């Protein structure tokens, strides 16, 4: 049997790209024929994937990783065998509308194309129950949950003495990892820092790891908000995207991970926090409750003062901190023990 995957973009170190590689290699180990076809691939990855133009559409099962609108949607409709997508979610366009109409249109178009594609599919796999519910709300019932594959080898990087030296001082680090885009609500993170600095302690630092150029008008609005709230660039630091070794060190030297995000398809950074024993404090939205399970600290209302007090307690109340870490270690075992290929093949057999 031949099971091929389609990717609009194949990026080095990207979660979706890593999952595609894992699925392909695991299927080959089990005797299946399997290739990855993509529109664009990062330099160095050309040998791992083929051009979508070379795909003959004759796969027994074709799996499209769906996260953005692309010409692959139409191509998948023409496939001869069974058609499946792995739905990684698309941010609702409303988040981008006040800042970037082009990005708003891309998100809107992605969801519109999804609706058009669904009648042609035999099955939809989803990273989380939240994503699955979105698909069901569109009237498609042949669904299943396949949590995002996580390559644990990425987190075994050796220490980075430089970053440890820069950020290991008397100032506690609050961490957020994610693109600097409106749905991540980094503006709310800045408000928490401003409150903490004014009413709790001047010793606070927020580190934001993620691409800052994904939505430039939103990034600009954050800089203006910092000036308005009198929060300095030393108190909120945008570190942009970091390679694995640097990212791993930032996890290690942080005291708490804080998320005010209002839309997550899976919430991978939370699982990374579990791995590094970094307590998670997160707003209850989208896929956050599934990924955290009974671990971490989830709050239902965005009361800036209360969130700041929770952050302070996580940093300085050792017993409270230990209890959170223990709950996260238990949840981590769930993700470590997942047999993704067994789950995937079980769904495929049901088609």
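Since every read-out is calculated from the coordinates, none of them should be taken as a lab result. None of these values were measured; they are calculated from a predicted model. Neighbour counts run over all protein chains shown; Cβ positions are idealised from the backbone, glycine included.
Computed values, structure above
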quantity	calculated
Helix 340-350 vs. the chain, principal-axis angle (Cα, 0 to 90°, nearest 10)	40
Residue-span extension gain [residue 223 to residue 351] - 0.36 nm each, minus C-alpha spacing	41.1 nm
Angle between the chain longest axis and helix 304-316 axis [Cα atoms, degrees, rounded to 10]	80
Paramagnetic reach from residue 240 (point 7 Å along Cα→Cβ, amide N under 14 Å) across the range 144-186	180
Helix 216-228 vs. the chain, principal-axis angle (Cα, 0 to 90°, nearest 10)	10
P(r), alpha carbons of the chain - 10 Å bins starting at zero, rounded %	5, 23, 33, 24, 11, 3, 0
Inter-probe distance in nm under a simple model that places probes 7 Å from Cα toward Cβ, at residue 1 and residue 211	3.4
Alpha-carbon centroid distance for the pair the range 13-32 / the range 238-299, whole angstrom	24
At R0 = 35 Å, FRET efficiency that the Cβ-Cβ distance of residue 22 and residue 299 yields, to 0.05	0.55
Contour excess over end-to-end distance, with Cα ends at residue 164 and residue 142 and 0.36 nm allotted per residue	3.1 nm
Alpha-carbon centroid distance for the pair the range 108-163 / the range 303-351, whole angstrom	18
CD proxy at 222 nm, helix term only [per DSSP H run n ≥ 4: -39500 (n - 2.57); per residue of the chain; nearest 500]	-13000 deg cm²/dmol
Estimated FRET transfer efficiency when R0 is 45 angstrom, pair residue 152-residue 306 (beta carbons, to 0.05)	0.85
